[in-house]
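Coordinate-derived values only; no laboratory data. Predicted model, so just to flag it, every value in this text is computed and none were measured. Note: ideal-geometry Cβ built from the backbone for every residue, glycine included; neighbour counts use all protein chains shown.
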Amino acid sequence: MGWSSWSVQSSNNPAYGTKWLTEANVKSAADSMAKNLRHAGYNQINLDAGWNANWNWEFRTDANGIPEADPERFPNGIESLARYVHSKGLKIGLYGGAGLQTAIYDKNAPILGTSCTTQDITVYPLVKTNMWGGDWKIDFTKPCAQAYFNSIAKRFAAWGIDFLKVDGVIAENVPDIKAWSKAIDQSGRKMWLTASAWPIPREAGEGLQPWANSVRVNTDVECYCNTVSTWTSSVDNRWEDLPKWLDVVRPNYWPDLDSMPINNNTGVGIQDGINETERQSVMTFWSMASSPLYVGGDLQNIDRRAVAILTNREVIAVDQAGVIPTRVTDGTLQIWKKRLPGGKLAVAVYNLGDTTADIPVSWNQLGIHGSKNVRDLVAHDNLGRANKSWTATAVPAHGSRLITLS
């Protein structure tokens, strides 16, 4: 649970974009999270691509090929920033990509603790890899390849990093994620490792399962426009993509649905690009999926309604229950369920259509029987008892309802 910087970096809003990622803005995001969201469990401040890039998007590494912060973006460095974030009771994350950057290869950097250089660890002849097809494929049969990853993880651990996102992962990059996992294990610091792409190809799912804590199962939620997102670009893709992964995700290998565009629909600053009904559906769907809950947007301008949606403890409990859901019905009017610890059944319905609709739910569909207490988790409202069925009435376009049955 936390925040990711990419949703504002990806925007073409003139006040944002890739140059937004600076020490001052990250500190402001941490201040806002500590004030508005930490009490509900949000504690992760994640820096996405560009933390070690200059204004021309040229990536910086030290003499040993280890990424280091761009001094203009982060004049006091990442270790200092991590101390600031930790002082707020929060954690901090960084970003990297699969493969070996061509600039690091060209640098022929000596790998710490070895007699090798970065040119000794690639596949020969050189082969491009990752979803961008822009970096060199690494040969993990060479011991110095793991040593290189270890050197980076040790540096991140020394800085106090708690999270690592490795992006651009395709099936042939499963060994990269394995190497990162092993490097983190030997670093002496616990870090969350997420494998990411837009999305990761499904055929990589089983191979990544032993090594990653979470896996990106769908395309970027961002619209790469003037707002963070829109419903069709690309919030609604989540309902199409998640079912393809339900047979492989599990506890400690969570489906990552990307950032939630629930932050700011009022006043100044970049807007979410989705309406209030859609914002609630995002929170409900992510929580039913037990996806990591990362807020997207400029936290300095978070609005009161966003805070209310994001800090609803009954909905958060559905996410944190750590149970992978089942899709009961697909199509325009969908029903999803999952059994919560303690025995209650969480049921969510979604109207993915463009007009208001009733969504009936029968006990036969859910595999239950008898009279049940119905509670609306979003409204914090006990709806009484129902026998054999319950109907969500007048669910608006792109709307949802989330209940428990007990």
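Tell me whether the stretch 2-143 comes out rounded, prolate or oblate; compute the Cα gyration tensor, take square roots of the eigenvalues as a ≥ b ≥ c, and use a/c under 1.5 as the rounded threshold. Because a/c hits 1.5 or more and a/b exceeds b/c, the stretch 2-143 counts as prolate.
Between Trp57 and Gln300, what is the label-point separation in nm under the 7 Å Cα-to-beta-carbon projection? Taking the simple label geometry, Gln300 and Trp57 are separated by 2.3 nm.
Mind listing the phi-derived Karplus ³J(HN,Hα) values for the stretch 60-69, rounded to whole Hz, using 6.51, -1.76 and 1.60 with θ = phi - 60°, and x for any glycine or proline? Running phi through 6.51 cos²θ - 1.76 cosθ + 1.60 with θ = phi - 60° gives 9, 9, 7, 5, 9, x, 8, x, 9, 5 Hz. Building the convex hull from the alpha-carbon atoms of the chain and averaging its projection over directions returns 19.3 nm². For the stretch 37-93, which chymotrypsin sites (Phe, Trp or Tyr not before Pro) pass both filters: DSSP loop (anything but H, G, I, E, B) and at most 10 other C-beta atoms within 10 Å? Passing both the DSSP loop test and the Cβ count: Trp57. Other residues lying with their Cβ under 11 Å from the Cβ of Val349 contribute a combined charge of +1, Lys and Arg counting +1, Asp and Glu -1.
Placing +1 on the Cβ of every Lys and Arg and -1 on the Cβ of every Asp and Glu, with nothing else charged, gives the stretch 327-405 a dipole about its Cα centre of roughly 460 debye. Charges were assigned to the Cβ only: +1 to each Lys and Arg, -1 to each Asp and Glu. The resulting dipole of the stretch 1-70 about its Cα centre is roughly 320 debye.
Here Lys182, Lys190 are placed in order of increasing Cβ neighbour count within 10 Å, fewest first, which gives Lys190, Lys182. Footprinting exposure proxy ranking of Trp3, Trp211, fewest other C-beta atoms within 10 angstrom first, gives Trp211, Trp3. Temperature 4 °C, viscosity 1.567 mPa s: under these conditions the Stokes-Einstein estimate for the stretch 327-405, based on its Kirkwood radius over C-alpha pairs, is 102 µm² per second. Where in the stretch 386-405 does the amide nitrogen come within less than 16 Å of the point 7 Å from the Cα of Ile368, taken along Cα to Cβ? So the set is 386-392, 401-405. Averaging the Cα positions of each part gives two centres, and for the stretch 320-370 and the stretch 1-58 these lie 34 Å apart. Answer with one residue from Gly65, Asn213, Cys144: the one whose Cα lies farthest towards the positive end of the charge dipole of the chain, charges on Cβ with Lys, Arg +1 and Asp, Glu -1. Selected residue: Asn213. In the chain, taking the dipole from charged Cβ atoms about the Cα centre, the farthest positive-side position among Ser187, Asn312, Ala397 is held by Asn312. For every other residue with a beta carbon closer than 14 angstrom to the beta carbon of Gly113, add +1 if it is Lys or Arg and -1 if Asp or Glu, then tell me the sum. Neighbourhood net charge equals +1. Quick one: grab the alpha carbon gyration tensor of the stretch 292-369, order the square roots of its eigenvalues as a ≥ b ≥ c, and give me rounded if a/c is under 1.5, else prolate or oblate depending on whether a/b is larger than b/c. Oblate, since a/c reaches 1.5 and b/c is not below a/b. Counting only Cβ charges, +1 for Lys and Arg and -1 for Asp and Glu, the dipole size of the chain around its Cα centre is about 1380 debye. Taking the charge dipole of the stretch 327-405 about its Cα centre, with +1 at Lys and Arg Cβ atoms and -1 at Asp and Glu Cβ atoms, the residue from Asn382, Val349, His369 reaching farthest to the positive side is His369. Working note: Karplus 6.51/-1.76/1.60 with θ = phi - 60° gives the stretch 112-122 the couplings 3, x, 9, 9, 8, 10, 5, 7, 8, 10, 8 Hz, where Gly and Pro are set to x.
Label-to-label distance, Val268 versus Lys142, with points set 7 angstrom from Cα along the beta-carbon direction: 5.2 nm. Full extension of the chain between Glu240 and Arg189 gives 14.7 nm of extra length, using 0.36 nm per residue less the Cα-Cα distance.
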